[in-house]
Amino acid sequence: MNQVRSFLGGVADRFRALPRWAKIVFAVALTVFVYLLPIINPPFITTQDSDFGAVLFLCALYALVAIGLNIVIGYAGLLDLGYIGFFAIGAYTVGVLGSQHAKLPLLLCIPLAMVVTLISGVILGAPTLRVRGDYLAIVTLGFGEIVRLILVNADGLTNGSRGISSIPSPPSVELFSIPKLEWNGLVATLNLDNTSTAFKFSVTDSVPYYWLALTFVLIVLFLDWRMQNSRVGRAWEATREDEDAAELMGVPTFRFKLLAFATGAAIGGLSGALFATKQQFINPDNFTILYSVLFVAMVVVGGQGNRWGVIVAAALLTWAPEKFRFLADARFLLFGILLMVLAIFRPQGLIPPRRTVRAKHADEQAPDTIDAEGVARA
Amino acid sequence: MDFSLLFSHFPELTITGLAYGAIYALIALGYTLVYGVLRLINFAHSEVFMYGAFAAVWVLMALGGGKASGLGIAGYLLIAFLSAMTVSALIALLLERVAYRPLRKRNSPPLIALISAIGASFALSEAMGLRDKPFKWFGQENAFQDYVGRPREASPFPLKIDVVRLFSIGNYQVSNIDLIVLGAAIVMMIVLDQFVNRSRLGRGIRAVAQDPEAAALMGVNRDRVIRLTFVLGGAMAGAAAVMYLLKVGQVRYNSGFLLGVKAFTAAVLGGIGNLRGALLGGFILGVAENYGQAVFGGEWRDVVAFTLLVVILLFRPTGLLGESLGKARA
């Protein structure tokens, strides 16, 4: 474990030491590679039993969810167990406005979904963020369940447990077709019959949806990076580490907690909207409380507060049950055990943020100089 | 919104509400005990309840409880209580050993403990939902079909008790099941209350809740007290499981979740960490839920409980009786 950690740390340090142009080249190459994943269809990674494009779409979608939840849990330190509620509200906003009660185009529905979830985040957060951390977890859990019960029971609005169908797709702009690679052992051939058309959104091909979701991931990732490196990000970190101290230093902690909660909610709503347009059919069973735990597992496994860690964890936890089908039935059992094991042996997650590692290091080097009250000894 | 049903069926709603409330209260005692001593929300307590319910169902199936009649029913009921309470207490002990003690030794922050508890809860519930798998791996699909077949479906309680209407309050005829549930719950609560308030071990629990370090200095074995609270909470959840089976008639692998959140609501309502508060909270929640159901319609029943939880946390996060196992001489 320690070797792996120092190896990963070494790779990260070496990457940071590269000149700026090399970093940009590397980032662009990585981005292109990730975009082309469903075309390259890499052996060992591709899934035999389920459509690889659809699996990749889910990976990107859950990466988006994980980035959003990471803002709430990782940056602001608020354990939100009802994230599926925001995901559901986003999906149902698209369903209700795009198909059930109006026929708005999808490109209008997605921003509306984000606005609606943002508002619902503020409505839930404004009263509840004043309560203690462990209570907040239970309140949000209750919220996630209330949302589902309302979806089932508010028949007139949501069509109840029958669900909403024929949710609109994004407008198709057909530009060019790309043939996919096919692998025979380690030899690749181009399969000209199996193509993906760039930006033709259809039921049969999930790849354009993957590209769409990935684009949203990159946009949100950029905003997330700018936000964390700003005054807002520092305020979140201060609030998470010591709320009272932050308040004394003049950080309006409640307002920043609410901001984190609402931002996270809006990203959850965006992911829900993407989910709805890809599935074209949603019903309340898509939004059970199990998924909230799955989302929390992604953030905790990846390392709370590290955006790259949670993305990797989200992709891994989505991909593994699809790749190894025998895991699929037992996946929630395994996630439960995983959460327990990590909480006990590695609470900071597999890839903790650098600052956590540094702080821990400093603690280990100078444990005796600070006593229990945090006052330096003479 | 229709208040006529509420007024016309007021006695019935109150009495069945109290019966459900008794179940919530017994489970809430487990949350409150553990919270009082460890300052930890034992999220997996709902699964402790669920395992107790399955234990009662299976033991009665194995002993042929379905054919019981007359006085035999009372005997089987006693067996059901004993087996459910034993299994629940053992599961609670296991939980403490596997999911919480390692964290306590490391002084983990409360959120990490909560994550571990959530993990344990889902692992336990999914393990029950996948109980046919190990038999399939070993090619024994047909072994123990009655017990492990269709693990995602509800398992019915084998003991059949005829509903007898004993006497009436207002326009509601009180049934024997209501009386059994309420009577058993009240006996349990009195026993627990007296145990915590009067016995030597109970004094240890109160001491650790009040000040763990001072208690340790006075010679209280903290680990033993913690184990004891888990056992007591587990036994109460086991008793609640049998009452739940009497009232509802079946149990599923995920029955614990909803009931757990409601029981937690009850504990918070009364003031978490306060035993008598948990009882009060349980009864109030059960009755409020029934009234809410009458006013808003049955499908909104669960929403009432969750909304109540949010409202209490907003306006009185310490609960009705205040939260403290030690100070309130609970």
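Numbers below:
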quantity: Residue-averaged 222 nm ellipticity for chain A, from DSSP H runs of 4+ at -39500 (n - 2.57), nearest 500; calculated: -21000 deg cm²/dmol
quantity: Gain upon complete extension [residue A:166, residue A:26; 0.36 nm per residue less C-alpha separation]; calculated: 46.3 nm
quantity: Neighbour-limited loop hits for GluC sites (Glu not before Pro), the stretch B:91-160 (at most 13 other Cβ within 10 Å; DSSP other than H, G, I, E, B); calculated: B:141, B:153
quantity: Cα Rg, Dmax (largest Cα-Cα span) when computed across the protein assembly as shown, Å; calculated: 27.1, 87
quantity: Kirkwood-based Rg to Rh ratio, the stretch A:41-365, C-alpha trace; calculated: 0.98
quantity: Options B:183, B:167, B:120, ranked by Cα towards positive dipole end of the stretch B:92-218, top entry (Cβ charges); calculated: B:120
quantity: Over 22 Å (Cα to Cα) - which of A:323/B:133; A:103/A:200; A:200/A:323; A:23/A:323; B:67/B:262 fall in this group; calculated: A:200/A:323; A:23/A:323; B:67/B:262
quantity: Modelled label reach - residue B:69, point 7 Å along Cα→Cβ, the stretch B:160-199 residues with backbone N closer than 18 Å; calculated: B:160-164
quantity: Residue among B:150, B:206, B:252 with the largest mean-square fluctuation in a Gaussian network model of chain B, springs linking Cα atoms under 10 Å; calculated: B:150
quantity: FRET efficiency, residue B:133 to residue B:62 (Cβ-Cβ, R0 22 Å, nearest 0.05); calculated: 0.55
quantity: Heavy atoms of residue A:200: accessible area, 1.4 Å probe, square angstrom to 10; calculated: 80
quantity: Chain B: DSSP helices with Cα axial extent of at least 18 Å and average Kyte-Doolittle hydropathy no lower than 0.5; calculated: B:10-38, B:45-62, B:71-95, B:110-129, B:176-198, B:222-248, B:255-270, B:275-296, B:301-315
quantity: Accessible area per residue, Å², chain A with all protein chains present, probe 1.4 Å; calculated: 48
quantity: Rounded accessible area of residue A:211 (nearest 10 Å², 1.4 Å probe); calculated: 20
quantity: Within the accessible area of the stretch A:220-298 (1.4 Å probe), percent carbon and sulfur; calculated: 55
quantity: Unit charges on C-beta of K, R, D, E only; dipole of the stretch B:88-151, Debye; calculated: 380
quantity: At R0 = 25 Å, FRET efficiency that the Cβ-Cβ distance of residue A:248 and residue B:101 yields, to 0.05; calculated: 0.10
quantity: Residue A:345 versus residue A:115: modelled label distance in nm, points set 7 Å from Cα along the beta carbon direction; calculated: 4.9
quantity: Percent RCO, i.e. relative contact order, over chain B, from Cα pairs under 8 Å lying at least 6 residues apart; calculated: 36
quantity: Amide proton proximity set for residue A:47, modelled H, under 5 Å, gap of 5+; calculated: A:52
quantity: Cβ neighbours within 10 Å from other chains - mean over A:143-156; calculated: 3
quantity: Computed P(r) (all Cα pairs; chain B; 20 Å bins; percent); calculated: 31, 57, 12, 0
quantity: 5 angstrom amide H check on residue A:201, placed H, neighbours 5+ away; calculated: A:172, A:173
quantity: R0 of 51 Å, Cβ-Cβ distance residue A:16-residue B:150: FRET efficiency to nearest 0.05; calculated: 0.40
quantity: In nm, spacing of pseudo-spin labels at residue A:362 and residue A:202 (7 Å Cα→C-beta vector); calculated: 5.8
quantity: Area projected by the alpha carbon convex hull of the stretch A:1-136, averaged over all directions, nm²; calculated: 13.5
quantity: In sequence order, calculated HN-Hα J values of the stretch A:252-267 (Karplus, 6.51, -1.76, 1.60; Hz; x Gly/Pro); calculated: x, 4, 4, 5, 6, 5, 5, 4, 4, 4, 5, 4, x, 4, 5, 5
quantity: Other-chain or far-sequence residues with amide H under 5 Å of residue B:272's (modelled H); calculated: none
quantity: Cα centre as origin, Lys/Arg/Asp/Glu Cβ charges: the protein assembly as shown dipole, Debye; calculated: 1280
quantity: B versus A: buried accessible surface, summed, Å² (probe 1.4 Å, to nearest 100); calculated: 3400
quantity: From phi via Karplus (6.51, -1.76, 1.60), per-residue ³J(HN,Hα) for the stretch A:71-80 in Hz, x at Gly/Pro; calculated: 5, 6, 7, x, 7, 8, x, 9, 6, 9
quantity: Simple label model, 7 Å out from Cα along Cβ direction - residue A:108 to residue B:250, nm; calculated: 4.6
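The values are calculated or read from the model by the stated rules, or taken from the named source; none is laboratory data. Keep in mind that this is a model prediction, so the values were computed, not measured. So basically every Cβ, Gly included, is an ideal-geometry build from the backbone, and we count neighbours across all protein chains shown. For accessibility, only protein heavy atoms count, side chains too; no ligands or nucleic acids. Shrake-Rupley method; radii C 1.70, N 1.55, O 1.52, S 1.80 Å.
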